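Notes for the one structure printed next.
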């Protein structure tokens, strides 16, 4: 069994991502799970909305200006998170995902901590995110890191917006 101490976090500028990073499989799992939780399950990437299929098919294009954090257990990708390039003083955290077989080991916390450090390093003064309101575990994690509910910038039903100063 893999120990939490054996997990490392690699920072990848979006334009340098490669198939070997394992990001595609993590993003696919994230999006398939999200669609199922929204009550719109799909069998594979072909059933996902175009914008999500692009992320999976070519993350270098989708996240070209961003930094992708990949949690690795040895050479296996077990978690990911995207930190967008700062715009108007803020960066966004998105696509936080940990392989279910590796949950409960602090991987999401490690990714989120690294994301906040990356945002500060990039000059952001605020980090924001959106999260589906049924993802109570993720919301609790964000609150532990000091995120608070913010006025929504996204009108999708059941989507909660949160932010915190860097």
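The values are calculated or read from the model by the stated rules, or taken from the named source; none is laboratory data. What you see is a predicted model, and the numbers here were worked out from it, not measured in a lab. Glycine also receives a Cβ, built like all others from the backbone with ideal geometry; neighbour counts cover every protein chain displayed.
The table below gives the values:
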| quantity | calculated |
| --- | --- |
| Test: residue in segment 2-11 that is out of contact with any strand residue (DSSP E or B) (no Cβ under 6 Å at 6 or more places or on another chain) and within 24 Å of residue 121 (Cα to Cα) | no |
| The lone exception for residue 160 - which of (1) part of a loop (DSSP other than H, G, I, E, B); (2) at pLDDT 95 or above; (3) over 21 Å from residue 11 (Cβ atoms) it fails | (1) |
| Single match in 104, 123 (criterion: over 28 Å from residue 6 (Cβ atoms), surrounded by fewer than 18 Cβ atoms within 10 Å (Cβ to Cβ) and out of contact with any strand residue (DSSP E or B) (no Cβ under 6 Å at 6 or more places or on another chain)) | 123 |
| Residues that are assigned to a helix (DSSP H, G or I) and in contact with a helix residue (DSSP H, G or I) (Cβ under 7 Å, 6 or more places away or on another chain), drawn from segment 137-157 | 141 |
| Residues of segment 34-71 satisfying the condition of being out of contact with any helix residue (DSSP H, G or I) (no Cβ under 9 Å at 6 or more places or on another chain) and either surrounded by 14 or more Cβ atoms within 10 Å (Cβ to Cβ) or in contact (Cβ under 8 Å) with a residue 60 or more places away in the chain (or both) | 37, 38 |
| Which listed residue is outside any loop (DSSP other than H, G, I, E, B), touching a strand residue (DSSP E or B) at 6+ places or on another chain (Cβ under 9 Å), surrounded by 18 or more Cβ atoms within 10 Å (Cβ to Cβ) and touching a residue at least 60 places away in the same chain (Cβ under 8 Å), from 116, 96, 129, 111 | 111 |
| Among (1) more than 20 Å from residue 131 (Cβ to Cβ); (2) in contact with a helix residue (DSSP H, G or I) (Cβ under 8 Å, 6 or more places away or on another chain); (3) surrounded by fewer than 20 Cβ atoms within 10 Å (Cβ to Cβ), the one test that residue 7 misses | (3) |
| Selection within segment 23-49 - farther than 21 Å from residue 135 by Cβ and at pLDDT below 95 | 24 |
| Failed item, numbered, when residue 134 is tested on (1) farther than 25 Å from residue 60 by Cβ; (2) outside any loop (DSSP other than H, G, I, E, B); (3) in contact (Cβ under 8 Å) with a residue 24 or more places away in the chain | (2) |
